[in-house]
Amino acid sequence: MAIRLPGFIDIHNHGAIGVDVNSATADGLLHVSEFLASQGVAGWLPTLVPDSAEAYRRVIDALDDAVERQRVRTTSQARILGVHYEGVFANEKMCGALRPEYFRKFSGRELDDLPTPQYGAKMMTLAPEVEGGVELIRELTRSGWIASIGHTHADVATLRAALDAGAKHLTHFFNAMSGIHHRELGVAGWGITEKDVSFDIIADGKHIAPEMAVFACRTKGIESVSLISDSVAPTGQGDGSFELWGERISVVNGTTQNERGSIAGSVITMLDAVRSMLCWGFSVEDVAKMASHNPARLLGIKLLDSDVVELTDGLEIVRTVIG
């Protein structure tokens with residue numbers, strides 16, 4: 001008997017099939033949208049890593065073009081739902097695969113340099129402990145952005161100030177944040193124990209051990225967890241060596257690594273994340289919440305009944321219906 005789920009919503013995706021969001025054209029973004037639809041995704045948030053102002057302007061223009069083309073014709077592509085800026089204001093000690101030379105500090109006007117699309121959600125992952133970080137969160141919240149905490153080593157007092165300012169979500173939980181220690185709560189411990197905070201995770205068994213993913217999700221509560229892919233351009237292209245964000249990265253047995261030895265995003269899709277969670281013992285209903293309902297709620301959008309992904313009992317795609 002087939003398994004039917006709402007179309008997946010991916011709020012953190014840097015690209016796939018050779019297309020990197022930071023350098024994408026409108027055609028490239030639509031090409032990714034077609035690929036994602038084939039993997040059960042009904043909507044996605046193209047995610048930018050730190051880059052130049054010129055690069056941002058070019059990509060946002062491409063996003064607007066791509067969205068306009070999706071709006072004027074029926075399409076089998078995953079809808080582009082806005083933009084996600086990851087790590088523009090990040091802690092250099094928690095940079096992961098991001099490029100610190102493009103990191104910024106907030107003094108009051110830096111948001112003016114970040115173009116936004118004409119349509120859709122605006123999300124930003126930032127470290128609240130950077131200079132001006134908590135005030136940045138206030139400004140983002142006032143301006144209708146979704147502020148998410150990530151690439152951070154903030155202490156609990158700063159995290160509480162960030163929450164009060166409007167940051168109620170954490171990006172790729174456990175990754176690029178301080179962990180749990182028995183004498184220090186850490187960002188991860190705070191994220192699990194703070195009832196008003198949600199988080200997203202990369203369920204590939206590589207970024208987080210399966211046992212830790214199960215522990216975190218069950219302890220936090222399914223209603224507060226979203227699945228993400230954190231997909232990068234090599235996704236869908238197999239193992240090999242690739243150029244990404246100004247350096248070479250390798251993909252070996254489905255694991256990415258940059259020249260500095262850091263994991264550089266993932267090469268999974270939301271379908272892979274769904275398969276992982278089902279295999280790790282979560283119910284179909286729980287997975288539907290984590291892959292569709294919760295990320296849609298975070299973005300403030302309504303799931304469409306006409307967006308459906310159908311899987312076989314063996315978790316292979318039968319079809320994705322969008323609209």
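Values in this text are rule-based calculations from the coordinates and carry no lab data. Here the structure is a predicted model, which is why all the values come from computation and not from measurement. Neighbour counts run over all protein chains shown; Cβ positions are idealised from the backbone, glycine included.
If you take all C-alpha pairs in the chain, what percent of them are over 34 Å apart?
Tail of P(r) above 34 Å: 15 percent of Cα pairs.
Tell me which of GLY254, PRO6, PHE174 sits at the most positive position along the dipole axis of the chain, charges placed on C-beta atoms (Lys, Arg +1; Asp, Glu -1).
Farthest along the dipole direction, towards plus: PRO6.
Give the residues of the stretch 259-279 whose amide nitrogen is closer than 20 Å to a point set 7 Å from the Cα of SER241 in the direction of its Cβ.
259-265, 267
So which trypsin sites (Lys or Arg not before Pro) in the stretch 169-260 pass both tests, a DSSP loop state and at most 15 other Cβ atoms within 10 Å of the Cβ?
ARG183, LYS195, ARG260
Treat every Asp and Glu Cβ in the stretch 1-102 as -1 and every Lys and Arg Cβ as +1, leave all other atoms uncharged, and give the resulting dipole magnitude about the Cα centre to the nearest 20 debye.
380 debye
Give the cross-link partners of LYS93 among the lysines, using a straight C-alpha distance below 16 Å as the criterion and excluding same-chain residues fewer than 8 apart.
Candidates past the 8-residue exclusion: LYS105.
For the stretch 182-323, with only Lys/Arg (+1) and Asp/Glu (-1) charged at the beta-carbon, what is the dipole magnitude about the Cα centre, in debye rounded to 20?
So the magnitude is around 280 debye.
Let me spell out the model: positive unit charges on the Cβ of Lys and Arg, negative unit charges on the Cβ of Asp and Glu, origin at the Cα centre of the chain. What dipole size does that give, in debye rounded to 20?
540 debye
Give the dimensionless ratio obtained when the Cα radius of gyration of the stretch 158-252 is divided by 2.2 N^0.38 Å.
Relative to the rule-of-thumb radius for its length, the stretch 158-252 sits at 1.25.
Counting only other residues whose beta carbon sits under 12 Å from that of ALA26, what net charge do I get with K and R as +1, D and E as -1?
Net charge around ALA26: -3.
Compute the distance from the alpha-carbon center of the stretch 160-180 to that of the stretch 261-281, in whole Å.
Measuring centre to centre over Cα atoms gives 21 Å.
Under Stokes-Einstein, with the Kirkwood radius over Cα pairs standing in for Rh, what whole-number D in µm²/s applies to the stretch 249-304 at 20 °C and 1.002 mPa s?
162 µm²/s
When all alpha-carbon pairs of the stretch 1-150 are counted, what percent fall beyond 29 Å?
Above the 29 Å cut-off, the stretch 1-150 has 19 percent of its Cα pairs.
What percent antiparallel are the DSSP beta bridges of the chain, to the nearest 5?
Close to 40 percent.
Defining a contact as two alpha carbons under 8 Å apart and six or more residues distant in sequence, what relative contact order in percent does the chain show?
22 percent
Please give the per residue volume of the convex hull enclosing the alpha carbon atoms of the stretch 210-307, rounded to a whole number of Å³.
133 Å³
Of MET290, ASN22, ALA209, which is farthest along the charge dipole of the chain in the positive direction, counting Lys and Arg as +1 and Asp and Glu as -1 at C-beta?
So the residue we want is MET290.
Using just the C-alpha positions of the stretch 15-81 as equal point scatterers, what log10 of I(q)/I(0) does the Debye formula give at each q in 0.19, 0.20, 0.28 1/Å?
Result of the Debye calculation: -0.66, -0.72, -1.30.
Sort TRP44, TRP280 so that the residue with the fewest other Cβ atoms within 10 Å of its own Cβ comes first and the one with the most comes last.
Result, fewest neighbours first: TRP280, TRP44.
Counting other C-beta atoms within 10 Å, which of ILE317, ILE208 has the fewest, and how do the rest follow?
ILE317, ILE208
Using Cα positions and a limit of under 28 Å, work out the lysines in reach of LYS302, with same-chain residues fewer than 8 apart set aside.
Answer for LYS302, where 28 Å is the Cα cut-off: LYS122, LYS168, LYS195, LYS220, LYS289, listed by chain and number.
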